[in-house]
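A.B. asks: Submitted below is the structure of interest, expressed as structure tokens.
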Amino acid sequence: EVQLVETGGGLVQPGKSLKLTCATSGFTFSNAWMDWVRQSPEKQLEWVAQIKDKSNNYATYYAESVKGRFTISRDDSKSSVYLQMNSLKEEDTAIYYCTCRFFNYGSYFDYWGQGVMVTVSS
Amino acid sequence: DIVMTQAPLSVSVTPGESASISCRSSKSLLHSNGITYVYWYLQKPGKSPQLLIYRMSNLASGVPDRFSGSGSETDFTLKISRVEAEDVGIYYCGQLLENRTFGGGTKLELK
């Protein structure tokens with residue numbers, strides 16, 4: 001069974017930092033492309049960042065809204081992906097989902113974790 | 001960024017009837033490799049989004065064949081045949097041609 005468990009969320013003041021962790025199991029993590037996607041209180045989904053697998057040189061991509069402030073990374077030995085969030089703004093308040101995407105036996109899989117709440121407020 | 005626009009905002013369906021949700025992209029999602037990179041997700045109440053359809057018309061693993069996807073390069077449709085109570089939630093279309101963007105969502109409820 002595929003599992004993605006996000007931790008590290010909470011209440012933080014504007015300008016501060018927070019690091020999210022997504023621990024995974026149930027699939028070959030090293031072959032998966034990992035993303036962070038957030039959902040605003042208004043239910044709008046917004047892609048945040050992506051990190052590809054080793055065969056793609058662990059290439060990373062960011063939404064313009066977080067570029068220069070957020071950093072995505074992964075540790076294949078721990079089957080985990082991370083999101084370092086710096087200089088947080090109130091508009092970063094959202095539920096943050098970790099997602100994995102991969103092909104297996106000719107089918108495409110795209111799983112989401114349960115999400116973790118990040119609230120940026122003074 | 002590619003903008004995804006969904007319609008309607010909400011739909012009310014009698015159990016056993018069909019429902020259709022539309023999605024339009026601001027640019028063609030047809031790649032030169034012949035794949036159309038549009039996806040459909042369902043977020044059930046209190047849950048995370050789950051994949052229903054990938055690459056416009058492919059049914060994700062474990063998804064009932066009551067769900068189907070179709071479309072062109074910029075206009076896409078999710079059809080749900082014989083709607084059941086478990087189909088209630090918010091449906092999102094998304095694109096994976098250039099990074100990842102999502103539509104605003106369509107809420108499906110039962111009459």
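Every read-out reported here was derived from the displayed coordinates using simple, explicitly stated rules and does not represent laboratory data. As the structure is a computational prediction, the values presented were derived from the model and not from experiment. Every residue, glycine as well, gets a Cβ built from its backbone with ideal geometry; the counts of neighbours run over all protein chains shown.
A.B. asks: I'd like to verify a number: residues in the range B:26-54 that are farther than 25 Å from A:I95 by Cα and among the polar types (S, T, N, Q), how many?
C.D. replies: Count: 5.
A.B. asks: Separate question: Restricting attention to the range A:42-98, and to residues there that are of a type in the set (A, V, I, L, M) and in a loop (DSSP other than H, G, I, E, B), which single residue is nearest to A:A32 (Cα to Cα)? Step through it out loud before you land on a result.
C.D. replies: Initial filter on the range A:42-98 (of a type in the set (A, V, I, L, M)): A:45, A:48-49, A:51, A:59, A:63, A:66, A:72, A:81, A:83, A:85, A:88, A:94-95.
The next check asks that each one be in a loop (DSSP other than H, G, I, E, B); those that pass are A:59, A:63, A:66, A:88.
Values: A:A59: 12, A:A63: 20, A:V66: 22, A:L88: 28 Å.
Filtering first and then ranking leaves A:A59.
A.B. asks: Out of the residues in the range A:85-112 that are polar (S, T, N, Q) and exposed (fewer than 14 other Cβ atoms within 10 Å of the Cβ), which is nearest to the other protein chains (Cβ to nearest Cβ)? Spell out the reasoning first.
C.D. replies: In the first step, residues of the range A:85-112 are kept if they are polar (S, T, N, Q); the result is A:86-87, A:93, A:99, A:104, A:107.
Imposing the further condition that a residue be exposed (fewer than 14 other Cβ atoms within 10 Å of the Cβ) reduces the set to A:87, A:104, A:107.
Numbers: A:S87: 21, A:N104: 9, A:S107: 5 Å.
This residue is A:S107.
A.B. asks: Quickly run through the range B:74-100 and pick out the residues that are over 13 Å from the mean Cα position of the chain (by Cα) and either of a type in the set (S, T, N, Q) or within 14 Å of chain A (Cβ to nearest Cβ) (or both).
C.D. replies: Once the filter is applied, which keeps residues that are over 13 Å from the mean Cα position of the chain (by Cα) and either of a type in the set (S, T, N, Q) or within 14 Å of chain A (Cβ to nearest Cβ) (or both), the range B:74-100 yields B:T74, B:S81, B:L96, B:L97, B:E98, B:N99, B:R100.
A.B. asks: Taking the conditions exactly as written (loosely packed, with under 15 Cβ neighbours inside 10 Å and touching a helix residue (DSSP H, G or I) at 6+ places or on another chain (Cβ under 6 Å)), does A:S30 satisfy them or not?
C.D. replies: Yes; evaluated as a whole, the condition is true for this residue.
A.B. asks: A:T7 is checked against (1) away from every other protein chain (no Cβ under 12 Å); (2) polar (S, T, N, Q); (3) more than 12 Å from the chain's Cα centre (by Cα) and fails just one. What number does that condition carry?
C.D. replies: Failed condition: (3).
A.B. asks: Would it be correct to say that B:K107 is part of a strand (DSSP E or B), among the basic types (K, R), in contact with a strand residue (DSSP E or B) (Cβ under 6 Å, 6 or more places away or on another chain) and within 14 Å of chain A (Cβ to nearest Cβ)?
C.D. replies: Here the answer is yes, as B:K107 does meet what is asked.
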